[in-house]
Structures are given as C-alpha cells and as structure tokens.
Amino acid sequence: MPIRVLAPEVAAQIAAGEVVERPASVVKELVENALDADATQVSVEIAAGGLESIRVTDNGCGIAAGEIEVAFARHATSKLFSPDDLGRIATLGFRGEALPSIAAVAEVEVVSRPPGADAAVFARLDDGRIAERGRRGAPAGTTVTVSGLFARQPARRKFLRSPGSETNQISAVVSHYALAYPEVRFSLRLDARTGLQTTGSGDRRDAVAAVYGAAVAAPLLPLEFAEGPLAVEGLAGPPHVSRAGRGYVSIFVNRRWVQSRRLVFAVEEAYQGLLQAGRRPIAVVDLRLPPEEVDVNVHPTKAEVRFRDESAAFVAVQRAVRAALLGQSPVAAAAAPALRLEAQPSSPLLWEHAVALERRHERAALDSRPATPQAALPALRVIGQLGAMYIIAEGPDGLYLIDQHAAHERVLYERFAEGRAQRRPEVQGLMEPLPLEVSPGHEAVVREQGEALAEHGFALEPFGPRTYLVRAVPAVLAGNAGTQTETRVARVAGGLPDMRQAVLAFLDEMLEPENRAAGDPSTGSGQDRVALSLACHAAVRAGKTLSTEEMRELVLQLEGAEVPHTCPHGRPTMVHMSAETLAREFGRR
Ligand code: ADP
Ligand code: MG
C-alpha cells in the first residue's frame, strides 16, 4: 500500500483524540487554562452532560485580540519557551494543544478581554478554522463555549456514556480542582441545577465542605509536612471518618490532580492499624516539590506524572498523613443512645497527682521508657473487671471501659513493631522445643526465608518430613516481655497450643512477598501485617479473668502506647463515659 501524508484535518483529529477523550477532558483543559490565567473565579456550565454544550468562564488575564488565532494554532503556548522549560513546568498546561484539539472536534466560541483592553475579542471556530471574529463588550477574562462535541465524529461519540455518567466525570474534575485551589471560587451548573459552589475563601476545609459536605470536612486533620525540597499540604480524615469505597483519596502534585496508585497506597499505608477492615480513608493530599523534580510530560492528558525520586515522594506522603493521625486519635464515646461523642479534656492536675502516688511502686518496677510526646491517655485507676472481658477504670473525666484483648493487642503490636524496626527483636528460647508440622508452602518459607525468620525472632530447625522444631520465638509470644508483671500478663494470655497457631499464622503472613520487605518504622509500612498477626495471637483473650495487678499493668502499658485508643485492626480499645454524661444520665444536671 502506498504511504501518504494525512490531510491536516485528519491529522488534527487524530491528535485531538489524545487530548479530548470525552466532555470531562474538555472541561479539564478549559479549567486548567483558567487557573493558569490566574483566575479567582471559574464557572462551568454544562448542558446534557457536556454533549450539547460546555461553557467555562473565568476572570483571568484574558487573551489579547491579536493572539486569538495563534491561541488556536497547534503547539502554540504562552507558558513554555525553551527546551529547558520542559524540565521545570510550573503551569497546568504547556503543550499548546488543548484549544486546537477541542476546535478540531467541536464548534468553539471564545470571548476574551484582558483587564487593560477596552473591548473583548470574539471568535467562532468551525472545523478548527476561524469562521467569524469581531469585537464585543464583555467583562475582563475569558469565556470559551464548546458545542456539538464529536458531532462530526460519530465513531467517537459512540464511545461516550450516558449524559448522567459524563456529568459525573465532569463533576469529579471540577471538584478536584476546587479542592486543589481553595482560593478560587468555583461554580458548576449542570443543566438547571447547581452542581458545586465553593467560597474561594482560601481555606481548604471550606472547599472540602462544598464537595463532601460539612460533616465530613469539620473533623479532618491538617497535613503539615516539610522535609528538604518536599512539602505536603492537605487534609486527612481521622480514623472514625472513613468510607466503605475507594476513591476518596485525592492526590495533587503541585496542585495538579494526578492518578497515582502509588501515592494513594502511601496514604492507605499511613492508616495501617487505624481503620476497621473494609474501611477506606478520606484525604486530600497536595505534594509540593520543585518543578524540576517531577516530569509532568509523560501522559497524554497529564493525569500521571513521574518523580525523579519516587520513594521520597511516597515516604513524604505517608509520613505527613501518619503524623497527622498519630497527633490525634479520639476515645470512642459509649454508644448508648443518650451519649454523645465528647472531646477529651486535659487531666486535672490533682487527679494526676493522686494516681501517681497510688502507682509509684509499680512505675519504679518498669523499664525506663522514652517519654511520649503527648500524654495520649490520662492516668486511669482500675476498678475491676466486667464479664472477664472488659476492664473498668476511672479517669479524670468519668468512666472508661477497656477491652482487654484489644488493649493488649495494641501494646504487643507496638512492642513487636518497634523491636523489628530496630532489628533487635526480643527473642525467647524455648526450654522444650515445640514440634511443628507445616504445609509445603510453609516449608518453602522456612527454607528460603531463614534470615527473615531470625530477624523476627524465630528459630526453626528441620526435624523430619515437613516437621520442624521451634527453638525460639519472639518474646511477646512466649509470654516473656519486659518487666515481671508484664510477663505475668503476657503469660496469662499464652499457652502452647496458641503458640503453635501463632507460628503457623506467622508463616502464612510470610508467604506474602510484600510482608517480607523491611518496613519504615515511622510510617507503619512493610511488616505491619506480621506484627498484627503476632500481636493478635499473643494478646490476652476475652474470657480470661485478670487480677487487679494484671489489669493495672495492662492499663499502664496502654497509657504508654503510641496510639492507645484503637487496636491495630482499628477497633476501639475503650469507650468513655464522661462525668458530664453520667451527671446528665442520672438527672443531676
Ligand atoms: P496551553 O495551555 O498548553 O498553553 P492551550 O491550547 O490550552 O495550550 O492554550 C493556548 C494558549 O491560549 C495558552 O498558552 C494561553 O496563552 C491562551 N489561553 C487559553 N485559555 C486561556 C484563558 N482562559 N485565559 C487566558 N489565556 C488563555
Ligand atoms: Mg491549556
């Protein structure tokens, strides 16, 4: 077949196919242009999911009358000059492709007036060429109207979904730019209704309130992180504000909305041990870094970016979110209908004093531990046990019911994770080695992962066909951990059948390749599931009667935990009934 150069119109449509896939792509490009033009107001009006028309109006810098043709020429841009500029892009657009691409597949009208000009220029493009132009009165800024998208490309139009589904995609685009640019007032009109209206106050929480509702926005925790050239801004939900579905983690890089599974994963990792199974976080994360550190020119619609140092970006996001979460982890309020969630007051000094006296001898017996940056739990006084399951304790502000298994799990989890992270696992040799029969999969793990097993504190030696002798285990499993009392609590929990189960569960976890990699201790990644499984098996069960001394010890350990209020699976370790709630319930107030 002879090779022919394509007619310009055909070439233009092929190129346009890269940029303009659907109505939402048009909206995205036009909104990006408005933001690049420093607009403080952007309004988007859509008819029939954008299939009929799309209009974006801004109050930005406008296009000079003499530049309207060139704005629609391919590869014409005001944002980039030299090849070097491509390596440090600070604007959302840079290829000079959007306007010509849109004009190749739709009818376009533009009205634009730079603030200094006395009249606006008007142009109508048909089939990519200027069909009409003139001057008009108009406010400063730019309005682009796109109608009949793909009217002349029936093949493309066929691939579009229903107006409803296209509308959803458009809403997502505008919502995301609203989250990234809280200082810009966005409005979205969908046929006759208002889809979104933001205040442009500059407070990201206000933007989140407009997108997700005020109830979601109010409790979000601010992200504040800066290290070297990297900074992270944004908001993340505390563990009790979560969602059942994915898609509530929005990632921006220098305020550009990007699809990055890796960075979404970084956010999810930061919630390890804090969310209940099946729940997903809500977060708006804006990673800031010098433009030369990120390549935004790797994807046709710029929806993906490439980092010079991807793991640095990953760690920054994960640390930022983790730090925000660890700074705050509220006690669940008792769920009786009349009880409301109450804030944790700071402990009155007198109370602290009384409890400190009562405990002096116990504390003296404890290892010296690094002081926690903030007292996450007030000092609690143990009163008794309920149903061989819950510890009843009194605090400076009312009553606490502590789930003994969940609390112990939290304590052991942190202890194990810490030993692992410092590569100094607390190991306990077994006086009587434990014979263990394993599956072929487990056997492969034992044979091939010897070093990893040792790092976790396990020593297994071959004993027969698919049988091993367990000679040593992590101290937390053997019920030997730290002080004498701690050991006693741990022993209450233990017992050989449990230990066998625990070793098998550990081998199960080691079958997953991603659980073998050493993690970053400060972010809770990597070894988390292993620590989780060990803690769960070693923790005191519900149904065990505990002595007062053992309960005191457990509560003391919990007070020292980094995240005392939830177990590593994200369930609460305790419920709290405040003094005020009690007074109200008993009609004293
Ligand atoms: P790019 O954004 O990659 O530069 P576009 O095709 O989207 O390419 O736009 C071409 C040029 O038209 C821009 O570089 C800019 O100078 C001008 N322009 C487009 N939209 C606007 C707008 N809303 N306000 C001001 N200038 C605009
Ligand atoms: Mg553009």
Q: For each of 260, 547, 171, 82, count neighbouring Cβ atoms within 10 Å of the residue's Cβ, then give the residues from fewest to most.
A: 82, 547, 171, 260
Q) Cα centroid distance between the stretch 1-69 and the stretch 96-157, in Å? A) 8 Å
Q. Assigning unit charges at the beta carbon (Lys, Arg +1; Asp, Glu -1) and nothing else, what dipole magnitude in debye, to the nearest 20, does the chain show about its Cα centre?
A. 1080 debye
**Q.** In Hz, Karplus ³J(HN,Hα) per residue of the stretch 59-67 (6.51, -1.76, 1.60; θ = phi - 60°; x = Gly, Pro)
**A.** 10, x, 6, x, 10, 5, 3, x, 10
Q: Could I get the Rg over Rh figure for the stretch 84-140? Both from C-alpha atoms, Rh via Kirkwood, rounded to two places.
A: 1.09
(Q) Please list, ordered by chain and number, the residues whose modelled amide H lies under 5 Å from the amide H of residue 254; skip anything fewer than 5 residues away on the same chain. (A) 287, 288, 289
Q.
Could you work out the pair-distance distribution P(r) of the chain from its alpha-carbon pairs, with 10 angstrom bin width and percents rounded to whole numbers?
A. 3, 14, 20, 19, 15, 12, 10, 5, 1, 0
Q) Using the count of nearby Cβ atoms within 10 Å as a rough guide to exposure, how do 81, 186 rank from fewest to most? A) 81, 186
Q) Between residue 311 and residue 124, what FRET efficiency comes out of the Förster formula 1/(1 + (r/R0)^6) with R0 = 41 Å and r the beta carbon distance, rounded to 0.05? A) 0.25
Q. Order of 242, 25 from fewest to most other C-beta atoms within 10 Å?
A. 242, 25
Q: Go through the stretch 222-235 residue by residue and turn each phi into a ³J(HN,Hα) via Karplus (6.51, -1.76, 1.60, θ = phi - 60°); whole Hz please, and just put x for glycine and proline.
A: x, 9, 9, 8, 8, 8, x, x, 9, 9, 10, 10, x, 9
Q: Would you give the gap between the C-alpha center of the stretch 249-289 and the C-alpha center of the stretch 179-233, rounded to a whole Å?
A: 15 Å
Q.
5 Å is the cut-off here: which amide hydrogens, built 1.01 Å from N in the peptide plane, fall below it relative to residue 460, excluding neighbours closer than 5 in sequence?
A. 471
Q: Take the alpha carbon gyration tensor of the stretch 120-221, find the square roots of its eigenvalues, order them as a ≥ b ≥ c, and report rounded if a/c is under 1.5; if not, report prolate when a/b exceeds b/c, else oblate.
A: oblate
Q.
So if I average 1/r over every pair of distinct C-alpha atoms in the stretch 197-328 and take the inverse, what Kirkwood radius in Å does that give?
A. 15.0 Å
Q. Considering lysine pairs in the chain that are 8 or more places apart or on different chains, how many have Cα atoms under 26 Å apart?
A. 5
(Q) Tell me the Kirkwood radius of the stretch 58-100: reciprocal of the mean inverse pair distance over distinct alpha-carbon atoms, in Å. (A) 11.3 Å
Q: Could you pull out every residue, at least 5 positions away or on a different chain, whose amide H is within less than 5 Å of the one on residue 249? Hs are placed 1.01 Å off N in the peptide plane, and Pro or chain starts have none.
A: 283
Q: Work out from phi, with θ = phi - 60° and the Karplus expression 6.51 cos²θ - 1.76 cosθ + 1.60, the ³J(HN,Hα) of each residue of the stretch 251-263, listed in order in whole Hz, and give x for Gly and Pro.
A: 10, 10, 10, 6, 6, 8, 6, 10, 9, 9, 4, 5, 6
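Laboratory data are not the source of any read-out in this text; all were calculated from the coordinates shown. Just so we're clear, the structure is a prediction, and the values are computed from it rather than from any experiment. Methodologically, a virtual Cβ is constructed for each residue, glycine included, from the backbone with ideal geometry; neighbour enumeration extends over all protein chains shown.
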